[in-house]
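The structure under discussion appears below in the form of C-alpha cells.
The values are calculated or read from the model by the stated rules, or taken from the named source; none is laboratory data. Predicted model only: the values in this text are computed from it and were never measured. Neighbour counts are summed over all protein chains in view; Cβ atoms, including those assigned to glycine, are modelled from backbone coordinates with ideal geometry.
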Amino acid sequence: MVNNNWLKRNASRIILLVLLAILLFPIGGMRAVVAAQSTGDTAQLPTRTPTTTAPKTWVGRLVSNTLGVTEGQGSIFRVSVTGVLDTPIELRNGNTFIIGKSGSKPEYGPFAAEFAPVTKGLWTVSVPALGASLQVEADNYNLAVIEFVPVAAAPATAPVTPLPTEAGASDWAGQVVSERSAGGVPFARLLVTVAGRNAQPVQISTFTQVLNTAYTGQKPAELGPNTVEFTGLTPGTYLIEVLGLVGPFRVDLKPNVETRVEFNPVASTVTPQPAPPTATASVVPPTATPTPTNTPLPTPTPSPTSTLLPASPTPTPVTRWIGVIDRRSPIDTEPGEIAVRIAGIAGMPVRLTRPGDDQWPEQRCITGQEGTEQDVCTFKGLPAGWYTLDPEGVNVSLPVQVNNNQAVRVVFNVEVLPPGITGWQATATQNSNGMLAQPKTDGLIRVKVIGRPGQIVSLKSLRLGATRYCEAVPNPVLGAPACEFGQLGPGVVEIEALHTGSRYRLFVDGAGLAEIEFAPNATAAPQPSAQNQPLVGKGASPRTVSPTVVTPAGAAVAPPTPTATVTPLPLPTLTPTPALAWQGRVVERVVTGAGAIGVRAVGLKDQPIIVRSGSWQSPPQLTGTKPELGDFATEFGGLPPAEYEIELVDLAKVTVVLGGGEFLLVEFKYDFVTPTP
C-alpha cells in the first residue's frame, strides 16, 4: 500500500514525469513501428517498379555548308536543337564568344537560332546543357546549317558483340524489300528501316566519300516508324551503314525509283573469337578464317540488286543481266516483229509497250509459247517505231527500234565478266567542246562499245529532260561497234551503255565533237558514277579522264591487304592544276522596295534557271529574257524575305538570303575553283 503522505509530497514530480512520458511516447512508438516494418514486415509491403527512361546522348552534325552566300563580311551559322526550346547555344573561337538560344529564329525552324556575322576561323559550336559540341569552319562567305539531335544510348551493362567479319555484326542483316517509281524525277530516293531502332544513326556513302548521316524516326507519320529518308541521289552504287550494328550494305539506286531497304536482327551464324586481352579492338578477329563457298552457279535466275560486301578475299566473278539486239533479218510482211529470248528460262512473262503512244495497247507474251523455243516468245504485227521490252522478273528493260519488213531478235542473258574485271568504264577519247554555249545545234557525240554489237546506248539531255537511243553496230572504220548522236544543242548530257552501270556526263557547246568509249576493263575500286566527272571540255585537244566504274550487285570487293608502315620519302612540292567549274555569287544587293532576284549566266543563252525556298519551287525561266540586267539574264520578282536556292540547271547551285524589299543579282560564271583547305 502506497504511503499517502509520500504521494502528497511527490505529486508534482509524478505529474511532471507523466507529462514527459506522454510527450515522448509518439516519437518512440513511431520509431518502433518503422523499425518493425523495416525488418519483419518487408515481405508484406507492395513492390514498386521504378520508371526509367532510356538514356540518350546528343550529337551534332553539319547538315549543309553552302559557299559564297555572303559578300565577305562574315559567315552565317544556323543551329537547331531538335525538340528543345530556349536552351543556350555557344560559339567559341579563341577568346571570342557568342551565345544565343534555340527557338530564337523560328523562320528557319521551331528550334533554330542564327549567328551572324561569324568571323573567319574554326569555331566550336556547343549546347552546354546537353554536353554536345561540333567544330565548324567559317570563311567569311559560307552558310553553315548545324543540327543537334538525340541518339538512344546503349545500356551500360549491354554485352558488346564482336563483329565477326567486315560485313558487319553477325546478328543484323539488310535486304532490299521494294523498288517502285518515284514520280518521274531523274534522281533516286532511298528509304532505310532499322527494325525496332528509333533515332538510330544511318550513314550513306559512295566508295570514296561519306555523303550523309541521318537518324531513323525522322517522319513517322509519312515514312513509318524506325525509318530514315535519303533523297535527290544521283543514280549509282551506294553503301549503307547502320552505325554500331552492321555495315556496309551495298545497294544500286536507279533514276526515278524509290528503293526501300530493311535491316532486321537474325540468328547468329558465326561464333566470334575472343580477342587477346592486350589486343586493340578489330573489325575482323585475327584468328577468324573465312570459309570460301564453292557452290556451282544455278540456271540463270533473277538476281537480287544488293548484297552485303563479302568477307572472303576470294574473287567472285561479276555477273549481271543484260539485254542486247542479237540480229535483224528481213521478212515478207510489212509490219515488223520482235522475238525475245530469256536465256534458260521458260514461262517468263514479257511486256511490250510503246512509249508516247497511249492509244497502242500493251502486249504480253510468255517464253516457251507454242511454235517457239523453250525460252523464246514473239510479238508480231508491230508498226515501225520504238518499243520497250520488260521481262517480268529480270529487273532490266530494253528500248528496241522496229522497222517495217524486219524481224528483230533480242536476247536477255547473264553477263559474266572475266576474272579480275569489276565492271565497265566510260572514257572520253576525244572532246572538242568548249566551255561556252554556242547558238547552234551541230553537236555530235560518237559512242564506241568494245566487243558488244547490238548494245543500246542512251543519251539524256539534262536541260530538256529528253532521252534518245542508238544501237551500236559493227563499224570497220572505228574498229568497234559504234553509233552516233547528232544535231545536239548546248547543255549537259549523260551517255549510258544500258545495263552495264557505266555512264558519262559532259557539256556540249552546240558545235563540238566528242567520242566516248565503253569497255569491260575496269579493275580499279569503283568510283561514284558520273557525279565527279568534269562536265566541260578542254578545247580541241583530245583528253582522257579518270574511268567511271560502277560495280553491279554481287561484285566482290576484297578487303585491303595490310602493309608494313614505311617512312615516306620527302616528295617535291607540286603545283596543282587549277580546276574550272560553274560557280555562282551575289554581285549586287540593293533595297528597291520589292523583293526580286536577277540571275545572269555568262555565255549561256536559253539556259533554264530554277529558284527554290523550302517546299516552294518556281517554274524554269530561260536566260536572255531580261536584257536590262545584262546578256543572258532573267529575273524572279515578288519574292518575300527568305533563304533561296538558285540553280543553273544541271551545272551549279548557290544559296542566298533575300532581305525585305531587297534586289539581288546573282551571276554564274565558268571560272577557276578556289581550293578549300
Subset of the range 63-86 (residues that are among the hydroxyl-bearing types (Ser, Thr, Tyr), in a loop (DSSP other than H, G, I, E, B) and buried (at least 17 other Cβ atoms within 10 Å of the Cβ)):
THR70
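Does ALA346 qualify as being among the hydrophobic types (A, V, I, L, M, F, W, C), out of contact with any Pro (no Cβ under 7 Å at 6 or more places or on another chain) and at pLDDT below 90?
It is true that ALA346 is among the hydrophobic types (A, V, I, L, M, F, W, C), out of contact with any Pro (no Cβ under 7 Å at 6 or more places or on another chain) and at pLDDT below 90.
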Could you please let me know if GLY423 is within 28 Å of the chain's Cα centre (by Cα) and at pLDDT below 90?
yes
Pairs with Cβ under 6 Å, 6+ apart, first in the range 584-598 and touching a residue at least 40 places away in the same chain (Cβ under 8 Å) and in the same structural domain as ILE609 (by TED's automatic domain parsing), second part of a loop (DSSP other than H, G, I, E, B) and of a type in the set (Ser, Thr, Tyr)
none
Scanning the range 416-431 residue by residue, those surrounded by 18 or more Cβ atoms within 10 Å (Cβ to Cβ) and among the hydroxyl-bearing types (Ser, Thr, Tyr) turn out to be THR422, THR427
VAL410 versus (1) more than 16 Å from VAL473 (Cβ to Cβ); (2) in contact with a Lys or Arg (Cβ under 8 Å, 6 or more places away or on another chain): which is the lone unmet condition?
(1)
